[in-house]
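Participant: Sharing a structure with you now.
The values are calculated or read from the model by the stated rules, or taken from the named source; none is laboratory data. Computed from a predicted structure; not experimentally measured. Positions of Cβ are generated from backbone atoms using ideal geometry, with glycine treated the same way; all protein chains shown enter the neighbour counts. Calculation scope for accessible area: heavy atoms of the full protein, side chains included, ligands and nucleic acids excluded. Shrake-Rupley method; radii C 1.70, N 1.55, O 1.52, S 1.80 Å.
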Amino acid sequence: MSSQKVNGSDFVRMMLFAAERLQSHVEQVNALNVFPVPDGDTGTNMNLTLSLGVREMQKKADGHLGRTAEALAKGLLMGARGNSGVILSQLFRGFAKTLAPHAEADAKLLAQAFAGGVETAYKAVVKPVEGTILTVARESAETAVKTADREEDLARLMDAVIRTARESLARTPEQLPILKQVGVVDAGGQGLIFIYEGFHQALKDPNAALSGAAAAAPAAKTAPAAPAGHASERRRIAQAHIATEEIEFGYCTEFIVQLHDEGRAKFDEHAFRNDLSEHGDSMVVVADDDLVKVHIHAEYPGNVLNLAMQYGSLTRIKIDNMREQHTEILSHEGGHAHADVHGEPDGPPQAEPKPETAGAAKPAADAPRKPMGMVAVAVGDGLSEVFHSVGVDVMLSGGQTMNPSTEEIVTAIQNVPADTVFVLPNNSNIIMAARQAAELADRNVVVIPTKTIPQGLSAALAFNEFADAETNAKAMEEAAGRVRSGSVTYAVRDSAIDGLEIREGDYLGMLDSQIAASGPNLDEVVRGLLERMIESGDEIVTVFAGQDADEAHTGKLAAWLEERYPDAELELHRGGQPLYYYLISVEG
């Protein structure tokens, strides 16, 4: 590695050190979450996003810097999780665009790439907020551009970048009052600094060795999205009711087409989908300028591969015999530990799922196409059943601690047999990934920016299949805005917020995004939260009990509510969500 230039191989090494550096500090980044709740997942999301991008880059790296950076950017784009992951993917997307035509880069070009990343990331965020990862990236990129005018050594360039990034990070509490109040710096900015420190380490010492963690980054694990309205137990029973010989298309076929010049010129995604649809079902196609990602259940996978080969070379080919897998499912321990048709273990979540394989409920092969449909994100079989009951087509498993990736959301969208799909993220940290997925999907997608489960349910209830998409979007957003959302969880560290002294292990009552009650007694915290939520004239109070909610305690809570608020209608459901004892919705 030259001290003054980097090529594609050098960049791979830089990214491996960056991934290892971030991976070893995930919990430190998570601990910077503003609220001391158990879903402080900025570090987790950035780590999973980066590890997936690095894995994709390693498969395609060829020594050419521009092509290697583009491979990383594509992997990050599809693997992005949460707001921090989406912003990280956009930073490297702009970075890669700058480097695309170049086989190697000197200090000035590398600095321009940092600046290009910042420009792309700011454009991707609807309302950029200073005091975040964006600020840290922008100010450090400005330093990179200035330093590159007088400094050719790349390690010293990164040293200057890191100094500025640390100074910028230290100022974030002055830009975001909530950070100052809690006494932390921005988590995303800190994660970005760890990435830059990895760059610096690789550039400073060409002989430095990786510990091995990043070079063999673990696959991200996500529980498969449950078919709408079905608990895991119901999915298991359903498998038993399908005869192996009834599987019409027997081979799960997945591959990527690397478009060649001639293929890129003649490739028409719509026509390709139509041609492909004649060969099977459960089809998913995700395309960009250079590659096409394909999933299909086909009876003759060879015909599918031949069809795709006219556009380019095929990579990552994977073909599974689903009839054979189904036979194993039916015979496995008398049906008590079933898997889905792709052989993944299936069962009710015991904790918030960890991201690994994407999975979204698939529509029936003969499901008729309709004008509009819905996708919702939630975790908990009870919540899935409720969303299904109000008309949601596909549920995507995810939520507090493990946000679904962009690619998983795209898959869920494309599994809805509808021309327009409404997406309900139901978590503020999933909205950006949902919007990014909307740009990649093959149909019209409307993201309703729901931040909570109650908002998502209210929006779904407002959906009218006989109205047009524009009317529905307006009605769904208005409905989401009318509901007040509460949740009860526990503190993972000591903290002081809005005059509340919080101790690790205390119960926390959250009203929308604010802590409304805290203390060591669950009854008192839940009641304190409800007293803040319920106003005179409110008509409906809905409570979803989580997987850790005690049945006796829930009964006492219901009795208290009915006595204290006799004019409000109480609806009590088993949500089955992890980490949160109760999710609460109040409507006037």
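Participant: Looking at (1) out of contact with any Phe, Trp or Tyr (no Cβ under 8 Å at 6 or more places or on another chain); (2) modelled with pLDDT under 90, which is the only condition LEU50 fails?
Facilitator: Condition not satisfied by LEU50: (2).
Participant: Looking at the structure I just gave you, is LEU88 within 19 Å of ALA202 (Cβ to Cβ), of a type outside the set (Gly, Ala, Ser) and over 20 Å from the mean Cα position of the chain (by Cα)?
Facilitator: No: the conditions fail for LEU88.
Participant: Looking at HIS553 and the list (1) in a helix (DSSP H, G or I); (2) modelled with pLDDT of 90 or more, which single condition is not satisfied?
Facilitator: Among (1) in a helix (DSSP H, G or I); (2) modelled with pLDDT of 90 or more, HIS553 violates only (2).
Participant: For the structure I just gave you, tell me whether LEU109 is over 23 Å from LEU176 (Cβ atoms) and either touching a helix residue (DSSP H, G or I) at 6+ places or on another chain (Cβ under 9 Å) or open to solvent by less than 20 Å² (accessible area, probe 1.4 Å) (or both).
Facilitator: Against the criterion (over 23 Å from LEU176 (Cβ atoms) and either touching a helix residue (DSSP H, G or I) at 6+ places or on another chain (Cβ under 9 Å) or open to solvent by less than 20 Å² (accessible area, probe 1.4 Å) (or both)), LEU109 qualifies.
Participant: Still on this model: Name the helices (runs of 4 or more DSSP H) wholly within the stretch 363-477 that hold at least 2 residues that are farther than 30 Å from VAL586 by Cβ and in contact (Cβ under 8 Å) with a residue 60 or more places away in the chain?
Facilitator: The helices (runs of 4 or more DSSP H) meeting that bar are 406-414, 431-440.
Participant: Just to be sure before I move on: is VAL182 crowded, with 16+ Cβ neighbours inside 10 Å, at pLDDT below 95 and in contact with a Phe, Trp or Tyr (Cβ under 9 Å, 6 or more places away or on another chain) in the structure I sent?
Facilitator: yes
Participant: Quick test of your reading of the structure: GLY481 fulfils all but one of (1) part of a helix (DSSP H, G or I); (2) on the phi > 0 side of the Ramachandran plot; (3) small (Gly, Ala, Ser). Name the failing condition by number.
Facilitator: (2)
Participant: Tell me, please, whether a residue that is surrounded by 13 or more Cβ atoms within 10 Å (Cβ to Cβ), polar (S, T, N, Q) and outside any helix (DSSP H, G or I) can be found in the stretch 521-538.
Facilitator: no
Participant: So which residues in the stretch 392-441 are acidic (Asp, Glu), over 14 Å from the mean Cα position of the chain (by Cα) and surrounded by fewer than 24 Cβ atoms within 10 Å (Cβ to Cβ), if there are any at all?
Facilitator: The answer is ASP419, GLU439.
Participant: Right, something else. Applying the selection to the stretch 465-489, what residues are surrounded by 20 or more Cβ atoms within 10 Å (Cβ to Cβ), more than 24 Å from PRO417 (Cβ to Cβ) and not charged (D, E, K, R)?
Facilitator: Listed by number, the residues that qualify are ALA479, ALA480, VAL483, SER485, GLY486, SER487, VAL488, THR489.
Participant: If you don't mind, there's one more thing I want to ask. Please pick out the residue among LEU572, LEU508 that is under 32 Å from the mean Cα position of the chain (by Cα) and surrounded by fewer than 17 Cβ atoms within 10 Å (Cβ to Cβ).
Facilitator: None of the other options fit; the residue is LEU572.
Participant: Quick test of your reading of the structure: GLN190 fulfils all but one of (1) polar (S, T, N, Q); (2) crowded, with 24+ Cβ neighbours inside 10 Å; (3) modelled with pLDDT under 90. Name the failing condition by number.
Facilitator: Among (1) polar (S, T, N, Q); (2) crowded, with 24+ Cβ neighbours inside 10 Å; (3) modelled with pLDDT under 90, the lone unmet condition for GLN190 is (3).
Participant: Looking at the stretch 127-148 only, could you name the residues that are outside any helix (DSSP H, G or I) and either touching a residue at least 12 places away in the same chain (Cβ under 8 Å) or crowded, with 24+ Cβ neighbours inside 10 Å (or both)?
Facilitator: VAL129, GLU130, GLY131, THR132
Participant: Considering only residues that are out of contact with any Phe, Trp or Tyr (no Cβ under 9 Å at 6 or more places or on another chain) and surrounded by 22 or more Cβ atoms within 10 Å (Cβ to Cβ), which ones fall in the stretch 442-464?
Facilitator: THR450, THR452, GLN455, SER458, listed by residue number.
Participant: Quick one: GLY312 ticks every box in (1) at pLDDT 70 or above; (2) more than 21 Å from VAL416 (Cβ to Cβ); (3) out of contact with any His (no Cβ under 7 Å at 6 or more places or on another chain) except a single one, so which number is it?
Facilitator: Here GLY312 clears every test but (3).
Participant: Shifting gears a bit: Taking the conditions exactly as written (open to solvent by 10 Å² or more (accessible area, probe 1.4 Å) and more than 19 Å from LYS123 (Cβ to Cβ)), does ARG81 satisfy them or not?
Facilitator: No: the conditions fail for ARG81.
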